[in-house]
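Here the structure is laid out as structure tokens; the discussion comes afterwards.
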Amino acid sequence: MTRWCLAVLCSLVSLAPAYGQLHAEARKQSVAYVRSLQAPAGGFLPSRPDPKSKVAPHPTLRATSAAIRALKYLGGAVPDRDACAKFVAACFDAESGGFRDAPGKGKPDVFSTAVGIMAVKELKMPGATYDEPAVKYLAEHAKSFGDIRIAVAGLEALKRPSPTAAAWLAEVNKKWNADGTAGKDDGVARETASVAVTLLRLGQKIKDRAAVLKAMRGDQRNNGGFGKEGAPVSDLETSYRVLRAFVMLKDRPEEVEALRSFVAKCRNDDGGYAVSPNEPSSVGATYFAAILLHWLERMEGKAKD
């Protein structure tokens, strides 16, 4: 028995460098996947074009912001940074102070404005042009919980408080159940995490931290991931929301390795990640995977902020 254990241990030690090389190579492939999505206009496509589709894809601000942040956590760089900054700037609507999802198309909205200012900060674009107008836009337009949730994420990137924090807090606190959780059925982890993170970003402490942690741990699915209410499969976006809450609460899921395994199952041969296993890769899903893996490595002492 002792010899068998020693043999297994030696084999694991001998495989360690190979595993490290594989991990590094996989990361390079993911960087290459994201970089391949940059369009000539500077923005990024949400995913690679479908050769069977007759509709040509266009770069969007949401995809561009996700790509910039994915590359940050993957250790890559934006191929044409100047063109990317010009694309982000072209999405800005000076009259309203918000951002559109594409230059000259549609109207500004809360989500595009929040991810727009995240892109501005990551690209080190001049804050004087965008910060104040964006803060004002978000304060005036974010009313629903969904809008407030993403708006505070944008303000966190700016390190700015919300001028309407009191009203936002009142709206978010309506989401709590009597037992200190939020949501229902198999969507409790996602909703509880979303509410907790939003409140923490607004500067409010969680009253029943134990109930929040218990609810999130209890909803981790058999495949290691977390999913939406009523959805039969887990997804990276929900897993991101839940792990974000664990990170902000300075805690961790019950099954860290199981979550890592789920993320791995979402990886495709093109180097990108899908929101759920066996689906096409997208830049948004690849960002979720990149930051999830960063947090999981940090929980194990393998990564630094």
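Odds and ends about this structure:
- In the assembled protein chains, S194 presents an accessible area of approximately 0 Å² (probe radius 1.4 Å).
- Taking packing as the residue-averaged number of other Cβ atoms within 10 angstrom, the listed peptides 115-121, 242-248, 229-235 run from highest to lowest as 115-121, 242-248, 229-235.
- Dipole of the range 64-176 computed with +1 at Lys/Arg Cβ and -1 at Asp/Glu Cβ about the Cα centre; of Y130, F111, S96, farthest Cα towards the positive end is F111.
- For the range 148-305, relative contact order (Cα pairs under 8 Å, six or more residues apart, normalised by length) works out to 17 percent.
- Remark: the Cα gyration tensor places the range 153-197 in the oblate category, a/c being 1.5 or greater and a/b not exceeding b/c.
- Ordering of 41-48, 286-293, 55-62, 215-222 by burial proxy (mean other Cβ atoms within 10 Å per residue, highest first): 286-293, 41-48, 215-222, 55-62
- Among the helices of the chain, those built from whole DSSP H runs whose Cα atoms reach 15 Å or more along their own axis and whose mean Kyte-Doolittle hydropathy is at least 1.0 are 110-122, 145-158.
- Shape call, the range 43-174: gyration tensor on alpha carbons, a/c limit 1.5: prolate
- For the chain, adding -39500 (n - 2.57) for each run of n ≥ 4 DSSP H residues and dividing by the number of residues yields -18500 deg cm²/dmol at 222 nm.
- Taking a Cβ cut-off of under 15 Å around T286, the surrounding Lys, Arg, Asp and Glu residues balance to a net charge of +4, with basic ones at +1 and acidic ones at -1.
- Ignoring aspartates and glutamates fewer than eight residues from K159 along the same chain, the ones with Cα atoms less than 19 angstrom from its Cα are E122, D131, E132, E140, D147, D305.
- Cα gyration tensor shape for the range 41-105, rounded if a/c is under 1.5, else prolate or oblate: oblate
- Alpha carbon Rg of the range 115-235, scaled by the compact-globule rule 2.2 N^0.38 Å: 1.18
- Estimated dipole of the chain in Debye, rounded to 20 [Cβ of Lys and Arg +1, of Asp and Glu -1, Cα centre]: 400
- Distance in nm between pseudo-label sites at S53 and K105 (7 Å out along the Cβ direction from Cα): 1.1
- Simple label model, 7 Å out from Cα along Cβ direction - S261 to A210, nm: 3.0
- Student exercise, the range 175-285 dipole from Lys, Arg, Asp, Glu Cβ charges, in Debye to nearest 20: 560
- Taking Cβ atoms as reference points and 12 Å as the exclusive limit, the residues near G42 contribute a net charge of 0, counting Lys and Arg as +1 and Asp and Glu as -1.
- Diffusion of the chain by Stokes-Einstein, at 20 °C in a medium of 1.002 mPa s and with Rh set to the Kirkwood radius over alpha-carbon pairs, works out to 105 µm²/s.
- Filter on K184/K205; K175/K250; K207/K265 - keep pairs with C-alpha separation over 32 Å: K207/K265
- Formal net charge of residues neighbouring G230 (Cβ-Cβ distance under 9 Å; K, R +1; D, E -1): -2
The values are calculated or read from the model by the stated rules, or taken from the named source; none is laboratory data. Keep in mind that this is a model prediction, so the values were computed, not measured. Note that we place each Cβ from the backbone using ideal geometry, even for glycine, and neighbour counts take in every protein chain shown. Note: accessible area is taken over every heavy atom of the protein model, side chains too, but ligands, DNA and RNA are not part of it. Shrake-Rupley method; radii C 1.70, N 1.55, O 1.52, S 1.80 Å.
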